[in-house]
Amino acid sequence: MFMLFAASGLSLASMAAVYQSWRRQTGPMLYVGIGVWLLSSIAWSHSVGWEFGVVYALCLPGLLVWPFIAMNQSHTAVPQQIPQPRKLDFSLRTLIQHALHYIVVLLLLLVFSVVASLAICALLPMDITGQLATCMVISPIIWGLAVYHYLATSKKIKTVGGYLVATAVSVAILMAMPI
């Protein structure tokens, strides 16, 4: 029971440290906050088991951030110049470009994230249930990072090629693993 309260306190302390680093614009306080967050992750895993501890450690800061956001809420005056919305563009080029982005993001990168997370977890020295649970946690993280990278880069074809190569390597790792 003590570990449960300690983990909760460490999560709150990590959010407070990150908040203070933002308010003061200091890097060391951010690193302290990240270190305390890692300690809270360990404490959560120790108190409720690693399956739930990882989920609590990842989700709780997202819930704890709302009081800090509410403390900094401010109301501004209505802007004098409101920008006009852009016109809708239904040109064939734009439609094809958006369809290709859709295919890459929702098909290719999703397959990449699942196969890559399975390959990473297959290499971990734990039983199959632990590997699958870890895979469930890291798969959306890998997908989100890959989507962000794809949409942020200007060299999309080279990026897609890199993800195809990474997918092929991941499939090769999975095929080489004994069943």
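Confirm whether LEU4 is open to solvent by 80 Å² or more (accessible area, probe 1.4 Å) and of a type in the set (A, V, I, L, M).
no
Here's a check for you: in region 58-75, which residue that is of a type outside the set (A, V, I, L, M), open to solvent by less than 100 Å² (accessible area, probe 1.4 Å) and not in a loop (DSSP other than H, G, I, E, B) is nearest to LEU38 (Cα to Cα)?
Among them, the one singled out is PRO61.
Based on what the data block shows, is VAL18 over 20 Å from ILE141 (Cβ atoms), out of contact with any Ser or Thr (no Cβ under 8 Å at 6 or more places or on another chain) and either part of a loop (DSSP other than H, G, I, E, B) or touching a residue at least 12 places away in the same chain (Cβ under 8 Å) (or both)?
no
Looking for whichever is open to solvent by 70 Å² or more (accessible area, probe 1.4 Å) and not in a loop (DSSP other than H, G, I, E, B) here; the options are VAL78, VAL55, VAL32. Which one fits?
Selected residue: VAL32, the only one of VAL78, VAL55, VAL32 that is open to solvent by 70 Å² or more (accessible area, probe 1.4 Å) and not in a loop (DSSP other than H, G, I, E, B).
All but one of (1) under 30 Å from the mean Cα position of the chain (by Cα); (2) at pLDDT below 90; (3) among the polar types (S, T, N, Q) hold for THR94; state the number of the condition that does not hold.
(2)
Here is a check on your reading of the model: is ARG86 among the basic types (Lys, Arg) and assigned to a loop (DSSP other than H, G, I, E, B)?
In short, yes.
Every residue, every condition in (1) modelled with pLDDT of 95 or more; (2) in contact with a helix residue (DSSP H, G or I) (Cβ under 8 Å, 6 or more places away or on another chain), yes or no:
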residue: LYS158; (1), (2): yes, no
residue: GLY161; (1), (2): yes, no
residue: LEU164; (1), (2): yes, yes
residue: THR167; (1), (2): yes, yes
residue: VAL171; (1), (2): yes, yes
residue: ILE179; (1), (2): no, no
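Name the residue, out of TRP66, TRP22, TRP44, that is within 22 Å of ALA133 (Cα to Cα) and among the aromatic types (Phe, Trp, Tyr).
When all the criteria are applied, what remains is TRP44.
The values are calculated or read from the model by the stated rules, or taken from the named source; none is laboratory data. What you see is a predicted model; the values in this text were computed from it and never measured. We place every Cβ from the backbone using ideal geometry, glycine too, and count neighbours over all the protein chains shown. Quick note on the areas: whole protein, heavy atoms, side chains included, nothing else; ligands and nucleic acids left out. Shrake-Rupley method; radii C 1.70, N 1.55, O 1.52, S 1.80 Å.
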